[in-house]
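Report on the structure given below.
The values are calculated or read from the model by the stated rules, or taken from the named source; none is laboratory data. Quick caveat, the model's predicted, so the values are computed rather than measured. Cβ placement follows ideal geometry from the backbone for every residue including glycine, while neighbour counts extend to all protein chains displayed.
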Amino acid sequence: MSFIVEHEPPYQVGYFVGSLAGASINRTLSTALIRLAPPELEFTEIPIRDLPLYSYDFDEDYPPVARELKAAIERSDGILFVTPEYNRSIPGALKNAIDWASRPWGTNSFARKPSAVIGASPGSIGTAVAQQDLRSVLSFCDSPQMNAPEAYITMTPGLIEDDGTVTEPSTEEFLREYMQEFSVFIQRVLTVVPRR
Ligand code: FNR
């Protein structure tokens with residue numbers, strides 16, 4: 001076992017958008033987060049749209065789209081979840097992706113991988129319940145999570161433009177701080193859990 005600690009930037013962040021909708025407000029939020037992130041973070045979306053519904057019947061021979069999902073997570077230094085709340089939980093498409101990545105048994109791609117969760121809703125509690133569910137799932141998947149700051153975004157019309165520009169200064173500052181903290185969190189985890 002190597003004890004050499006590698007933690008030089010840049011840090012690769014794989015991000016999930018939990019919505020498949022064309023006009024997703026969470027996709028817009030993800031665009032804003034990337035714009036506001038510190039320069040040491042590099043972002044790659046991990047797509048979930050084309051995954052079949054998971055069953056352990058696939059475990060003997062994962063399809064290429066699921067192999068790529070696992071590889072994308074494993075290449076990442078940290079994982080960012082930007083998700084809506086559907087019926088007070090996470091969308092089925094996102095849970096399906098997590099189930100794929102967590103299997104076959106013994107090859108859970110999230111193990112020891114730092115993560116952060118954030119989400120937007122038109123509602124006033126801003127995906128808080130879905131995020132709690134997601135945190136529970138990620139705990140089982142052995143992913144160290146950024147505990148604070150929490151981020152529950154109530155998406156009012158015009159708050160974030162399509163190009164990711166945040167029009168409200170206090171929200172912009174909050175989201176910048178959130179991404180700065182995520183960067184620090186990734187680095188902190190990497191100092192004890194080397195990336196390769
Ligand atoms: C919702 N919406 C919703 N909002 C919320 O705050 N809590 C909830 O539990 C739900 N439940 C829910 C279920 C389903 C099936 C849909 C389609 C929607 C509303 C939701 O926040 C809104 O549609 C957002 O625009 C979803 O985010 P995306 O998909 O635009 O990123």
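Name the residues in segment 122-161 that are in contact (Cβ under 8 Å) with a residue 40 or more places away in the chain, near the ligand (Cβ under 10 Å from one of its atoms) and among the hydroxyl-bearing types (Ser, Thr, Tyr), would you?
Thr127, the sole residue that qualifies.
Can you name every residue in segment 137-155 that is part of a loop (DSSP other than H, G, I, E, B), surrounded by 12 or more Cβ atoms within 10 Å (Cβ to Cβ) and polar (S, T, N, Q)?
The answer is Ser143, and nothing else.
Here is a yes/no grid of residues against (1) among the basic types (Lys, Arg); (2) touching a residue at least 24 places away in the same chain (Cβ under 8 Å); (3) touching a helix residue (DSSP H, G or I) at 6+ places or on another chain (Cβ under 9 Å):
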position: Ile48; (1), (2), (3): no, yes, yes
position: Pro52; (1), (2), (3): no, no, yes
position: Asp57; (1), (2), (3): no, no, no
position: Ile73; (1), (2), (3): no, yes, yes
position: Gly78; (1), (2), (3): no, yes, yes
position: Thr83; (1), (2), (3): no, yes, yes
position: Ala97; (1), (2), (3): no, yes, yes
position: Asn108; (1), (2), (3): no, yes, yes
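Filter segment 104-120 for residues that are of a type outside the set (Gly, Ala, Ser) and away from the ligand (no atom under 16 Å from the Cβ); which is surrounded by the fewest Cβ atoms within 10 Å (Cβ to Cβ)?
Quick first cut of segment 104-120, residues of a type outside the set (Gly, Ala, Ser) only: 104-105, 107-108, 110, 112-114, 117-118.
Restricting the remaining residues to those that are away from the ligand (no atom under 16 Å from the Cβ) gives 104-105, 107-108, 110, 112-114.
Numbers: Pro104: 13, Trp105: 8, Thr107: 13, Asn108: 19, Phe110: 21, Arg112: 13, Lys113: 24, Pro114: 25.
Per the stated criteria, the residue is Trp105.
Of all residues in segment 29-63 being assigned to a loop (DSSP other than H, G, I, E, B) and among the hydroxyl-bearing types (Ser, Thr, Tyr), which is surrounded by the most Cβ atoms within 10 Å (Cβ to Cβ)?
Tyr54
Restricting to segment 75-103, what's the tally of residues that are touching a strand residue (DSSP E or B) at 6+ places or on another chain (Cβ under 9 Å) and either away from the ligand (no atom under 16 Å from the Cβ) or closer than 30 Å to Gly158 by Cβ (or both)?
15
Hey, any hits in segment 113-129 for a residue that's farther than 20 Å from Thr31 by Cα, at pLDDT 95 or above and assigned to a helix (DSSP H, G or I)?
Looking for residues that are farther than 20 Å from Thr31 by Cα, at pLDDT 95 or above and assigned to a helix (DSSP H, G or I), one finds at least one in segment 113-129, hence yes.
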